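The block underneath contains the structure these notes are about, expressed in C-alpha cells.
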Ligand SMILES: Cc1ncc(COP(=O)(O)O)c(C=O)c1O
C-alpha cells in the first residue's frame with residue numbers, strides 16, 4: 001500500500017484559490033445576461049494584450065483556431081510553405097493544413113528541444129513564406145536571431161504561445177515578438193479557462209479587425225457580413241473567468257519556476273534536464289526531462305504513487321492523420337525525444353515538499 005499519491009495535475013486543487021472570485025463573477029455574468037461578445041470579452045482582450053505587450057488581442061474558441069485564423073490573415077498564396085517544429089503538439093501542424101498552406105517540419109536543437117536560427121536555416125526552401133515558432137513547454141527560443149533571419153528572408157513569424165503565457169526572452173513577453181501570436185486557454189494551461197478558449201495577439205490594427213470579423217461570421221456589425229467567417233468567439237463567461245485569473249498569472253508562473261529550480265538543483269545528473277537559454281525566462285507549463293529508460297522510470301514512479309505525462313508519445317510525422325506526408329527517417333531527433341521524454345509533476349497545487357519527495361524517489365531509480 002502506497003501512502004504517497006501525487007496526481008500530475010488536479011485542476012480542482014490548482015484552481016481552488018480562485019473559486020470564490022469565480023463564483024462572484026459567475027453571478028455577475030448571470031445578472032448581466034450577456035454571454036457572447038460584449039464587455040466581458042473586450043475587457044479581457046484589453047488586459048491580455050497589455051499583459052503581453054501587444055496592441056491587440058482577439059479572443060477565439062481554441063488555440064487551434066487561434067493558429068489557423070492567424071495563418072489565414074497572412075493571406076499567403078495557397079500551398080505556400082510554412083516552417084514549423086517537427087516536435088510539437090499536433091495543433092501546430094493541423095493549423096497550417098487548415099489554412100491551406102504546406103507544413104515543412106524542422107528538427108529541434110537537442111538540448112532545448114526547440115528550433116533555432118540554425119535549424120530553421122537548414123530546413124528552409126525557396127518557397128518558405130512563414131514560420132511558426134512554438135514556445136514548447138513554456139520556453140522561448142532565441143527570438144532575436146530568429147526574427148533577424150525572418151526579416152532578412154521576408155518570412156512572416158507566428159508564435160505558437162499556447163504553452164507560454166508570460167514567458168519572456170530578454171525581458172520581452174511571448175505574444176509580442178512575432179507578427180502574430182496564438183495562445184490557448186485550455187484548462188490545464190498556465191492561464192487556463194474553465195473550458196476551451198484561445199486568443200491571438202498582434203501589433204497590427206488592420207489584422208486585429210480582420211480577425212475580429214473572421215471569428216464572428218465576417219461581421220463587426222450584427223447581421224452585416226463583409227466576408228465569409230467562422231463562429232469562433234471566446235465565450236464571454238470564459239473571458240470573465242480569465243480576467244479573474246490573469247492578475248495571478250505571474251504568481252502561478254513564479255510558483256512553477258520555483259518547483260522547476262528544485263528539479264534543476266537536486267535531480268541526479270543522468271536525468272537529462274531541459275536546457276534553459278541564457279536570456280530566456282521559461283514559465284514551465286511542462287517540466288520536460290529525458291531518460292533512455294523512460295518507460296521503466298515512468299512505471300517505477302507510478303508504483304511510488306507519482307503520476308507523470310508524456311509530451312508527446314507519437315511524433316506528428318507518425319500520426320495516422322498525417323500518414324505519408326513525411327519520411328520519418330528525416331526526423332531522428334524528434335523521434336528520439338518522443339521515445340525518451342517524460343513530463344514531471346509541476347502543477348500549481350504541488351508544494352515544495354511534493355517535489356522534493358519526487359526528486360528523492362527519482363534519485364533512487
Ligand atoms: C503547442 C500547442 N499548440 C496549440 C495548442 C492548441 O490549443 P487548443 O487545445 O486550445 O486548441 C496546444 C494545446 O493544446 C499546444 O500545446
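The values are calculated or read from the model by the stated rules, or taken from the named source; none is laboratory data. The structure presented is a predicted model; accordingly, all values stated were derived computationally and were not measured. Here the Cβ is made from the backbone with ideal geometry for all residues, glycine too, and neighbour counts use every protein chain on show.
One table, with the values for the structure above:
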{"read-out": "Residue identified as within 13 Å of the ligand (Cβ to nearest atom) and without any contact (Cβ under 8 Å) to a residue 60 or more places away in the chain among 163, 98", "value": "98"}
{"read-out": "Residue in the range 17-31 that is buried (at least 24 other Cβ atoms within 10 Å of the Cβ) and touching a helix residue (DSSP H, G or I) at 6+ places or on another chain (Cβ under 8 Å) present", "value": "no"}
{"read-out": "Filter pass, residue 284 being under 17 Å from residue 343 (Cβ atoms), buried (at least 18 other Cβ atoms within 10 Å of the Cβ) and modelled with pLDDT of 95 or more", "value": "yes"}
{"read-out": "Residue check, residue 88 in a helix (DSSP H, G or I), under 18 Å from residue 337 (Cα atoms) and in contact (Cβ under 8 Å) with a residue 12 or more places away in the chain", "value": "no"}
{"read-out": "Test: residue in the range 49-60 that is in contact with a helix residue (DSSP H, G or I) (Cβ under 9 Å, 6 or more places away or on another chain), within 14 Å of the ligand (Cβ to nearest atom) and under 29 Å from residue 334 (Cβ atoms)", "value": "yes"}
{"read-out": "Residues of the range 239-259 that turn out to be over 19 Å from residue 193 (Cα atoms) and surrounded by 22 or more Cβ atoms within 10 Å (Cβ to Cβ), as a count", "value": "1"}
{"read-out": "Number of the exception - residue 112 against (1) part of a loop (DSSP other than H, G, I, E, B); (2) within 12 Å of the ligand (Cβ to nearest atom); (3) surrounded by fewer than 22 Cβ atoms within 10 Å (Cβ to Cβ)", "value": "(2)"}
{"read-out": "Per-region count, the range 115-134, residues in contact with a strand residue (DSSP E or B) (Cβ under 8 Å, 6 or more places away or on another chain), in a loop (DSSP other than H, G, I, E, B) and more than 13 Å from the ligand (Cβ to nearest atom)", "value": "3"}
{"read-out": "Residues within the range 272-300 that are touching a helix residue (DSSP H, G or I) at 6+ places or on another chain (Cβ under 7 Å) and in contact (Cβ under 8 Å) with a residue 60 or more places away in the chain, tallied", "value": "8"}
{"read-out": "Some residue of the range 27-47 being touching a strand residue (DSSP E or B) at 6+ places or on another chain (Cβ under 8 Å), within 16 Å of the ligand (Cβ to nearest atom) and within 30 Å of residue 344 (Cα to Cα)", "value": "no"}
{"read-out": "Test result for residue 78, surrounded by fewer than 24 Cβ atoms within 10 Å (Cβ to Cβ) and within 16 Å of the ligand (Cβ to nearest atom)", "value": "no"}
{"read-out": "In the range 305-316, the residues that are more than 16 Å from the ligand (Cβ to nearest atom) and either more than 16 Å from residue 6 (Cα to Cα) or surrounded by fewer than 17 Cβ atoms within 10 Å (Cβ to Cβ) (or both)", "value": "305, 307"}
{"read-out": "Answer residue from the range 259-271, given it is assigned to a helix (DSSP H, G or I) and either without any contact (Cβ under 8 Å) to a residue 24 or more places away in the chain or not assigned by TED's automatic domain parsing to the domain that holds residue 355 (or both) and is farthest from the ligand (Cβ to nearest atom) among those", "value": "265"}
